[in-house]
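**Student:** I'd like to ask some things about the structure below.
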Amino acid sequence: MIRAITKEDIPECVNVIRTSFLTVAEEFNITPENSPYFTAFATDEAKVLSWMDEQHRPMYGYFEGGKMAGYYNLALPSKGECELGSLCVLPEYRHSGIGEALLNDAQARAKELGCTVMKLSIVEENKVLRKWYEDHGFIHTCTKKFDFFSFTAGYLEKEL
């Protein structure tokens, strides 16, 4: 079941985000030392609360048996555009359709909010994830290298 996140869910959101992104960090040798702003290390309750209260990001979790197994948020930087943020699934729940359910839910909700384009960013070196998004209709638009990341950021978007 996918439902909106409440303030009471924030500690569980942080756990799901950090745990999920930590597998990416381990696979691509991303550490707090070489990439302190990477999602696995930089997400805490204060950040998620600011997404909710200050940025007014819609946030949703996938719950199974009362436990959050996946999460995403939508940043709304400008009219007609949204950014899919922190879409993730706990490792033990992967490859069961939860990621696809969350992505489909995000796209439907973005359309309801008047968005015509959805953007996102990934660890560019993660070819499996890039292919997954491309298989779901996203187009790779560019890459950027930042001094504060040990990896290259890849950007994708999709017309909704």
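The values are calculated or read from the model by the stated rules, or taken from the named source; none is laboratory data. What you are looking at is a predicted structure, and each value in this text was computed from that prediction instead of being measured. Neighbour counts are summed over all protein chains in view; Cβ atoms, including those assigned to glycine, are modelled from backbone coordinates with ideal geometry.
**Student:** So for the stretch 80-93 (the condition being charged (D, E, K, R), surrounded by fewer than 14 Cβ atoms within 10 Å (Cβ to Cβ) and in contact (Cβ under 8 Å) with a residue 24 or more places away in the chain), does at least one residue qualify? Talk me through it step by step, then tell me what you get.
**Tutor:** Filtering the stretch 80-93 for residues charged (D, E, K, R) gives 81, 83, 92.
Filter once more, keeping what is surrounded by fewer than 14 Cβ atoms within 10 Å (Cβ to Cβ): 92.
Subsequent filtering for residues that are in contact (Cβ under 8 Å) with a residue 24 or more places away in the chain retains none.
No: zero hits.
**Student:** Within the stretch 122-139, is even one residue surrounded by fewer than 13 Cβ atoms within 10 Å (Cβ to Cβ), out of contact with any Asp or Glu (no Cβ under 8 Å at 6 or more places or on another chain), assigned to a helix (DSSP H, G or I) and acidic (Asp, Glu)? Explain how you work it out, then say what you get.
**Tutor:** The first filter runs over the stretch 122-139 and keeps only residues surrounded by fewer than 13 Cβ atoms within 10 Å (Cβ to Cβ), leaving 127-128, 131, 135, 139.
Next, only the ones that are out of contact with any Asp or Glu (no Cβ under 8 Å at 6 or more places or on another chain) stay: 127-128, 131, 135.
Subsequent filtering for residues that are assigned to a helix (DSSP H, G or I) retains 127-128, 131, 135.
Of the ones still in play, those that are also acidic (Asp, Glu) are 135.
Scanning the stretch 122-139 turns up at least one residue that is surrounded by fewer than 13 Cβ atoms within 10 Å (Cβ to Cβ), out of contact with any Asp or Glu (no Cβ under 8 Å at 6 or more places or on another chain), assigned to a helix (DSSP H, G or I) and acidic (Asp, Glu).
**Student:** Can you pull out every residue in the stretch 21-42 that is under 16 Å from ILE122 (Cβ atoms), in a loop (DSSP other than H, G, I, E, B) and not polar (S, T, N, Q)?
**Tutor:** Matches in the stretch 21-42: PHE28, ILE30, TYR37, PHE38.
**Student:** Still on this structure, please answer the following. Would you pick out the residues in the stretch 48-82 that are charged (D, E, K, R) and within 14 Å of the chain's Cα centre (by Cα)?
**Tutor:** Across the stretch 48-82, the qualifying residue is only ARG57.
**Student:** Right, GLU45: without any contact (Cβ under 8 Å) to a residue 40 or more places away in the chain and either farther than 25 Å from MET118 by Cα or in contact with a Lys or Arg (Cβ under 7 Å, 6 or more places away or on another chain) (or both) or not?
**Tutor:** Yes.
**Student:** Between residues in the stretch 132-148 that are within 25 Å of TYR37 (Cβ to Cβ) and residues that are loosely packed, with under 10 Cβ neighbours inside 10 Å, which pairs lie under 8 Å by C-beta distance while being six or more apart or on different chains?
**Tutor:** If the second residue must be loosely packed, with under 10 Cβ neighbours inside 10 Å, no pairs are left.
**Student:** Moving on to the next point. Here's a check for you: in the stretch 70-99, which residue that is in contact with a Cys (Cβ under 9 Å, 6 or more places away or on another chain) and aliphatic (A, V, I, L, M) is modelled with the lowest pLDDT?
**Tutor:** LEU76
**Student:** Pull out all pairs, ordered by first then second residue, where Cβ-Cβ is under 8 Å, the residues are six or more apart or on different chains, the first lies in the stretch 96-117 and is buried (at least 16 other Cβ atoms within 10 Å of the Cβ), and the second is β-branched (Val, Ile, Thr) and in a helix (DSSP H, G or I).
**Tutor:** Listed by first residue and then by second, the contacts come to nothing, as the list is empty.
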